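> A single structure is presented below for examination.
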Amino acid sequence: MKDRRILSVLLICILAAVAITACGKENTPPQPDNSAAVSQPEANPSNGNEGQGNAARESSGQGAGPDSEQAPAANNPQKGSSAADKAAAADPHSIAVLVNKELALPEDYEPSDLVYPDVRFTFKEKIEKRMMRSEAAKALEEMFAGAERDGIYLAGVSAYRSHSTQTSLFNRYVARDGEEKAKTYSAVPGHSEHETGLAIDISASDGKCAAEDCFGGTKEAEWLAQHSAEYGFIIRYPEGKEAITGYKYEPWHLRYVGKEIAADIFERDITLEEYYDAVPVSGTP
């Protein structure tokens with residue numbers, strides 16, 4: 001009897017413990033399952049919260065990764081349209097500087113790296129107009145060598161001009177043809193590409209048709225039109241673009257801008273103004 005009483009007491013205690021545990025569970029509020037909320041953006045990136053996720057990563061110091069959709073836009077801006085490109089266009093020391101009838105160089109600007117390119121010119125003297133900036137001079141040497149491999153023999157006519165030289169030259173043209181006509185083929189001082197040290201007028205080796213309309217259509221002009229971009233040069237004032245550049249067609253006037261920009265301008269058949277999405281120039285200055 002004694003043993004049976006002990007078993008009864010133990011059974012009552014066990015039942016009481018089970019009842020207390022069940023009661024505790026009923027009174028405890030259910031905990032939310034956060035696993036679905038955390039993983040949802042990963043599982044469904046098109047749910048409209050993608051921008052919030054990027055903002056959260058940026059605020060926590062985690063930038064968008066190289067495979068994110070933001071990376072291509074940052075790394076591949078439209079050519080000529082990025083802030084860096086615009087800054088280069090306005091920097092007189094940049095090989096990509098934009099100089100035209102609207103945009104001028106500082107009056108006291110003078111390139112600091114002018115050298116004499118080792119190429120043929122239509123004159124022998126080592127004077128100002130034989131010089132170019134060093135990077136452009138090296139590219140010019142390579143272009144002349146490339147032309148000779150194709151049986152084309154070129155000569156330089158006029159490269160760098162100081163501000164004072166451009167002033168004298170322009171005033172002489174105005175005295176001869178009047179200001180309005182002079183501005184169709186010569187730049188107002190400060191607005192000439194020759195002052196950058198990056199531009200050069202080129203002719204055939206014999207100097208015939210140097211800086212004259214008859215140079216157009218020659219084998220030398222045709223070669224330059226097709227191959228100058230390979231060396232970083234562009235035909236700065238192309239035919240049919242007078243309303244944009246402000247100058248008549250000059251197949252002899254080449255401008256060094258570097259191979260990347262030159263290739264893009266050549267492929268798209270545009271001007272330097274169009275490359276930078278600049279407004280077409282007016283008839284002044």
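> Relative to the Cα centre, what is the charge dipole magnitude of the stretch 167-285, using +1 at the beta carbon of each Lys and Arg, -1 at the beta carbon of each Asp and Glu, and rounding to the nearest 20 debye?
Magnitude of the dipole: close to 340 debye.
> With every protein chain kept in place and ligands, DNA and RNA left out, what is the accessible area per residue of the stretch 122-224? Probe 1.4 Å, answer in Å².
45
> So how do 120-127, 268-275 stack up, highest first, on mean other-Cβ count within 10 Å?
268-275, 120-127
> Next question, about the same structure. May I ask you to derive the FRET efficiency for E125 and A84 from their Cβ-Cβ distance with R0 = 30 Å, giving the value to the nearest 0.05?
E between E125 and A84, to the nearest 0.05, is 0.15.
> Related question: Give me the percent of the accessible area of the stretch 88-183 that comes from carbon and sulfur atoms, probe 1.4 Å, all protein chains in place.
Answer for the stretch 88-183 is 46 percent, counting heavy atoms of protein chains only.
> Can you order the peptides 196-202, 155-161 by their average number of other Cβ atoms within 10 Å per residue, highest first?
Put in order of decreasing packing, that is 196-202, 155-161.
> Identify all lysines with a Cα-Cα distance to K181 below 19 Å; exclude those on the same chain that are fewer than 8 residues away in sequence.
K101, K241, K248
> By a straight-distance test (C-alpha under 15 Å), which aspartates and glutamates pair with K138 as possible cross-link partners, with residues fewer than eight away in the same chain excluded?
Cross-link targets: D113, D118, E230.
> At 0.36 nm per residue, minus the direct Cα-Cα distance, what do K219 and E179 gain on full extension? Give it in nm, one decimal, please.
11.1 nm
> Let me ask something additional. The stretch 198-285: Rg/Rh from Cα coordinates, Kirkwood Rh?
0.96
> Sorted by average packing, counted as other Cβ atoms within 10 angstrom per residue and highest first, what order do 139-149, 95-105 take?
Order by mean packing, descending: 95-105, 139-149.
The values are calculated or read from the model by the stated rules, or taken from the named source; none is laboratory data. Computed from a prediction, not measured in an experiment: that's the story for all the values here. Methodologically, a virtual Cβ is constructed for each residue, glycine included, from the backbone with ideal geometry; neighbour enumeration extends over all protein chains shown. Areas reflect the complete protein model, heavy atoms only, side chains present, ligands, DNA and RNA absent. Shrake-Rupley method; radii C 1.70, N 1.55, O 1.52, S 1.80 Å.
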